[in-house]
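Chemist: Sharing a structure here in structure tokens format.
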Amino acid sequence: MTGEPPKDPFAMFRDMVTQWETAANELGNKVMATPEAVQAMQMGTATTLKMKEATADAMAKALSAANMPSKADIEAIGERLVAVEAQLARIEALLTGRSETLATVPVARPKRTKIPPAKAANKAK
């Protein structure tokens, strides 16, 4: 025995991976330096975005045709339900006379618009 430490069995593999990464990075840098490659990447991204929009539109139309709610409809219903529950909690607190509960229950307020609520009600008539 010469007292040498055992050689790393994975050293060759690590070297091979390092060389491969270096070659891939050099190739990628050369390709991305050309305007044609950049334009192709932009076109690919734009195409993907258009496909997502088309899929969302088709899904909305299909849900509408099936008389089913969309994701936005479900979210709006959820928001309205939270407001109704808060208002119900306030009413319950008023009826039971627990004034300390009133301070912790959030008040559901109408949406802010440029038209005052009194004028908006008159326009609806």
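The values are calculated or read from the model by the stated rules, or taken from the named source; none is laboratory data. Predicted, not measured: the structure shown is a model, and the values here were computed from it. For the accessible areas, the whole protein counts, side chains as well, though only heavy atoms, and no ligand, DNA or RNA atoms are used. Shrake-Rupley method; radii C 1.70, N 1.55, O 1.52, S 1.80 Å.
Chemist: Listed residues 36, 21; which is open to solvent by 100 Å² or more (accessible area, probe 1.4 Å) and either under 21 Å from the mean Cα position of the chain (by Cα) or acidic (Asp, Glu) (or both)? So that I can check it myself, show each step before the final result.
Modeler: Working: 21 fails: open to solvent by 100 Å² or more (accessible area, probe 1.4 Å).
Only one candidate passes the filter, namely 36.
Chemist: Hey, another quick one. Every residue in the stretch 41-96 that is part of a loop (DSSP other than H, G, I, E, B) and open to solvent by 100 Å² or more (accessible area, probe 1.4 Å), please. Please lay out each step first, then the result.
Modeler: Our first condition is that a residue be part of a loop (DSSP other than H, G, I, E, B); within the stretch 41-96, this holds for 66-70.
If the condition is that a residue be part of a loop (DSSP other than H, G, I, E, B) and open to solvent by 100 Å² or more (accessible area, probe 1.4 Å), then 67, 68 are the ones that fit.
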